[in-house]
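Written below as structure tokens is the structure these notes are about.
The values are calculated or read from the model by the stated rules, or taken from the named source; none is laboratory data. If you're wondering where the values come from, they're calculated on a predicted model, not measured in any experiment. Cβ placement follows ideal geometry from the backbone for every residue including glycine, while neighbour counts extend to all protein chains displayed. Protein only, heavy atoms only, side chains kept; ligands, DNA and RNA dropped before computing areas. Shrake-Rupley method; radii C 1.70, N 1.55, O 1.52, S 1.80 Å.
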Amino acid sequence: MTEPLLKIENLRIELALRSGQAPVIDDLSLELNAGETLSFVGESGCGKSMTALAIMGLLPEKVGSIASGRILFDGRDMAQMNDTELRAIRGNEISMIFQEPMTSLNPVYTVGEQIAEVLRRHKGMNKRDAWARAIELLDAVRIPNAKSRVSAYPHQMSGGQRQRVMIAIALACEPKILIADEPTTALDVTVQAQIFDLLRDLGRDTGTAVILITHDMGAVAEMADRMVVMYAGRKAEYGPVSPVINHPRHPYTKGLISCVPHLLAELTEERPDLTEVPGIVPALASFGTDACLFASRCDLADDKCRSQRPPEVAFGDQHSACWKADQI
Amino acid sequence: MHIVMTLLKRLIYAAILLTAVLVLNFSMMHFAPGDVADTIAASMGGADAETMAQIRVEYGLDQPFFVQLFAYIGRVLSFDLGYSYFYNTPVTELIFERLPATLLLAITAQVLAVVVGVLLGVFSARHPNGIANYFVTIFALFGYAAPVFWTGILLLIGFSLKIPLFPVAGMSDVTVQGGFFVKALDIAHHMVLPVLTLSSIFLALYSRLSRAAMLEVLGSDYIRTAKAKGLSNREVTLKHALKNALPPVVTLAGLQFSAVISGAVLVESVFSWPGLGQLALTSILARDTPTILGILFFSALVVIIGNLVTDLVMRLIDPRVRGHA
């Protein structure tokens, strides 16, 4: 078996709270192979974005830090790298697009300049070549009339177009990994589908591995090869997409899936009731306790769940961190 | 084409504003007690009521208010600001003699305050918890709180008397002979203390504002994008953040330019700087109405030009301003 492109081993990220250090990511391990799409799923505050920022080396200064664990990229540990080494990787070999296309571009520079800048920085291109390449990239992300739009400012573009520009920036240096942090949350539904199509096509063309952070289960089913379900900074379940969605082995995954409404062929057909996951995520300060953090919201929970952290149980390629995994 | 239209529009506004300033200034001076006749009478060593009335007829002061007002505006439009009976010189000549000194002082102080203020602001925003940050804050507040004439006198005692590095007063030394370069150097030497005094107030404003603006910008999404691109700290701060933090500073600098001009009046008195400020002070004490009106007119003109320049700079910095001007 070939070495995975990215290997996260026992990662622990701590946030400095007034009450002390609290782990927002606790003992996370996962692998990403070249060219595949891995999806992170979970509700807000479960640590999806923190993991992404940790990989980029962009954890908020003086607040978040990697306490232990390794992030191996091409065999090198990014957790130990200094800022100069990280900067050479950022935007070049690993790049990222964000949730808010409306505010993620700098309002005082043209989109062309913002694309060309990365090329000059990482590929050593001169001004003219970088600008010409920026036009090609705008064309590749399907912005009509790229030649004239390249000198447009962000405020002259729509949200969907701005996200396309962000994708162009992210893919400019043909990175090995693209992290997309809820890339379509702020966009309307028709544009969402276009952006997902674009990400999938470009990912396939360039062989870029994609980490897709989302809570859109539909997008996961359509885009991803494997998925990681995260809860309260811990991995709840992970494995290939179809077994996890068709037969979840963790009550949280099951709850998430049953939250998604289904389109039915017949409007008159009786719909299954939509359920919700009751309760809320426990407070950040209690993330470190030795127990199943989902226990307070789980129907199946017993004393063992509340007093011991569950280990991962394997069902083929599918892994679940639940004491009752075999009962689900 | 677009910028030409905007500029034209702004110039028309400026002309209207200037006319309003003229009317207001003239009315205020007119209704204030004392007039040119008093000045002339005083210089003659006193006069009886009959002579006073004669002087008033001679200078058109017996005419109704509106006749005088329109006559005054008509004269200003033909670039005639009147004649100073106190200095026995045309007002225009008097002002053009003094204006360069004031502009030199005010513009240098303004530029110094903006540049150093922004640099200090950027620095302390980059290191919000460092010791240097507290130093910048204290220094800025001190400059802002201290009265200008007090700062000026303190600097004079310190750097002219105790440590004689700089001259005590004036703009140039008559004993200095030489070419343009030597004279410019002499003026620069005389300028150091007045400029430092005048800019100390504004330095505080600009450094506090640019610090706040930088802190806000540094937390924004596009800065995270810039970092995610792998750019250096220097590029992130100076290219991506600073340009976005500048507009509020430029706006304030434009608004404060009139304050810089009026601050110059005090500084000129402390350092005997031969500028408009000193002239204004003397002519107010002497009730030299034409000169006061002339100075007010030119101050308004300078402030209007300052604001026009501010708008142009804003367009240069922020493309969104260009969109809907």
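Could you rank B:F297, A:F287 by how accessible they are, 1.4 Å probe, largest area first?
So, going from the largest accessible area down, we get B:F297, A:F287.
Scanning chain B for helices, which whole DSSP H stretches are 27 Å or more long along the axis (Cα) and average -0.5 or more by Kyte-Doolittle?
B:2-31, B:91-126, B:180-218, B:242-271, B:289-317
Of all accessible surface on the range A:140-250 at a 1.4 Å probe, what whole percent is carbon and sulfur?
Reported share for carbon and sulfur atoms: 49 percent.
With the cut-off at 21 Å, report for the range A:57-180 the share of all Cα pairs above it, as a whole percent.
Counting every Cα pair in the range A:57-180, those more than 21 Å apart make up 43 percent.
Work out the mean other chain Cβ neighbour count within 10 Å for the residues of A:107-113 and drop it here as an integer.
Across A:107-113, the average partner-chain Cβ count within 10 Å equals 4.
Can you send over the solvent-accessible area of A:M50, 1.4 Å probe, protein chains only, in Å² to the nearest 10?
Its accessible surface works out to 40 Å², give or take rounding.
Can you give the FRET efficiency for B:L24 and A:H155, using 1/(1 + (r/R0)^6), R0 = 51 Å, r = Cβ-Cβ distance, to the nearest 0.05?
According to the calculation, E is roughly 0.80.
Applying the Karplus parametrisation 6.51 cos²θ - 1.76 cosθ + 1.60 with θ = phi - 60° to the phi angles of the range A:62-77, what ³J(HN,Hα) value in whole Hz is obtained for each residue in order, glycine and proline being reported as x?
6, 10, x, 8, 7, 7, 7, x, 10, 10, 8, 10, 6, x, 9, 8
Mind telling me which of B:A280, B:A49, B:A37 comes out most flexible in a GNM of chain B, alpha-carbon contacts under 10 Å?
Checking each option, the largest mean-square fluctuation is seen for B:A49.
What is the Cα radius of gyration of the range B:58-191 over 2.2 N^0.38 Å, N being its residue count?
Cα-based Rg divided by the globular estimate yields 1.60.
Under 5 Å between amide hydrogens, which residues at least 5 positions from B:G82 or on another chain qualify, with H placed 1.01 Å from N in the peptide plane?
Here B:V91, B:T92 satisfy the definition.
R0 = 22 Å: FRET efficiency of A:D197 with A:E36, Cβ-based, nearest 0.05?
Using R0 = 22 Å, I get an efficiency of 0.75.
By how many nm would the segment from B:V168 to B:A146 lengthen if fully extended, with 0.36 nm per residue of separation less the alpha-carbon distance?
Value of the extension gain: 5.9 nm.
Out of the DSSP beta bridges found with both residues in chain A, what percent are antiparallel (nearest 5)?
60
For B:L215 paired with A:L284, estimate the spin-label separation in nm (one decimal), with each label point 7 Å from Cα along the Cα-to-Cβ line.
2.0
To check you understand DSSP bridge types, tell me what percent of the beta bridges within the protein assembly as shown (both residues inside) are antiparallel, rounded to 5.
Roughly 65 percent of the beta bridges in the protein assembly as shown run antiparallel, per DSSP.
Using θ = phi - 60° and the Karplus form 6.51 cos²θ - 1.76 cosθ + 1.60, what ³J(HN,Hα) does each residue of the range B:233-238 get, whole Hz, x for Gly and Pro?
4, 4, 5, 4, 6, 7
If you average the sequence gap of Cα pairs under 8 Å that are 6 or more apart and divide by the length of the range B:106-273, what percent do you get for the contact order?
Relative CO of the range B:106-273 lands at 38 percent.
Report the accessible area of B:R320, computed with a 1.4 Å probe over the heavy atoms of all protein chains in place, in Å² rounded to the nearest 10.
90
Would you give the gap between the C-alpha center of the range A:179-243 and the C-alpha center of the range A:132-164, rounded to a whole Å?
The range A:179-243 and the range A:132-164 have Cα centres spaced 23 Å from each other.
Within chain B, how many lysine pairs that are 8 or more places apart, or on different chains, have C-alpha atoms less than 26 Å apart?
For chain B, qualifying lysine pairs total 5.
On a 1.4 Å probe surface of the protein chains, which of A:E93, A:E136 comes out largest in accessible area, and what is the full order?
Per-residue accessible area, sorted high to low, gives A:E136, A:E93.
In whole angstrom, and with the biggest value first, how far do the Cα coordinates of the range A:101-174 range along each principal axis?
In descending order, the Cα extents are 30, 22, 20 Å.
Taking amide H atoms as placed 1.01 Å from N in the peptide plane, list the residues 5 or more away in sequence, or in a different chain, whose amide H sits under 5 Å from that of A:S68.
For A:S68, the qualifying residues are A:R12.
Under a 1.4 angstrom probe, counting protein chains only, how are A:F40, B:F66, B:F180, B:F26 ranked by accessible area, largest first?
Sorted descending by solvent-accessible area, the residues read B:F180, B:F66, B:F26, A:F40.
Please list, in order, the residues from the range A:193-224 whose amide nitrogen is less than 14 Å from a point placed 7 Å along the Cα→Cβ vector of A:S44.
A:215
Mind checking which of B:A253, B:A20, B:A101 has the largest fluctuation in a GNM of chain B, springs on alpha carbons under 10 Å?
It is B:A20.
Amide H neighbours of A:Y231 under 5 Å, counting only residues 5+ apart in sequence or on other chains, H built in-plane at 1.01 Å?
A:A236
Return a whole-number percent for the relative contact order of the range A:101-174, with Cα pairs under 8 Å and 6 or more residues apart as the contact set.
45 percent.
Computed FRET efficiency, Cβ-Cβ of B:Y13 and B:A41, R0 51 Å: what is it to the nearest 0.05?
It comes to 0.75.
Could you check what % of the DSSP bridge pairs in the range A:1-155 are antiparallel, to the nearest 5?
Of those bridges, close to 95 percent are antiparallel.
Which value at 222 nm does chain A reach when only helices count, each DSSP H run of 4 or more adding -39,500 (n - 2.57), with the total divided by all residues and rounded to the nearest 500 deg cm²/dmol?
-9000 deg cm²/dmol
Full-extension gain between A:R120 and A:F315, please, as 0.36 nm times their residue separation minus the C-alpha to C-alpha distance.
Taking A:R120 through A:F315 to full extension adds about 65.4 nm, to one decimal.
If I build a Gaussian network model for chain A, linking alpha-carbon pairs within less than 10 angstrom, which residue out of A:P240, A:P60, A:P183 has the largest mean-square fluctuation?
Fluctuation is largest for A:P60.
Pairs of Cα atoms under 8 Å, at least six residues apart: use those to get the relative contact order of chain B, whole percent.
26
For the pair B:M5/B:R75, report the inter-label distance in nm, with labels modelled 7 Å from Cα in the Cβ direction.
My value for the distance between the label points is 4.1 nm.
Could you tally the net charge around A:D181, taking each other residue with its Cβ under 13 Å from the Cβ of A:D181, Lys/Arg +1 and Asp/Glu -1?
-2
Just the accessible area for B:K183, please: 1.4 Å probe, Å², rounded to the nearest 10?
Near enough 100 Å² of accessible area.
Working out 0.36 nm times the residue gap between B:L161 and B:F31, then minus their Cα-Cα distance, what length gain in nm do you get to one decimal?
Here the answer is 42.3 nm.
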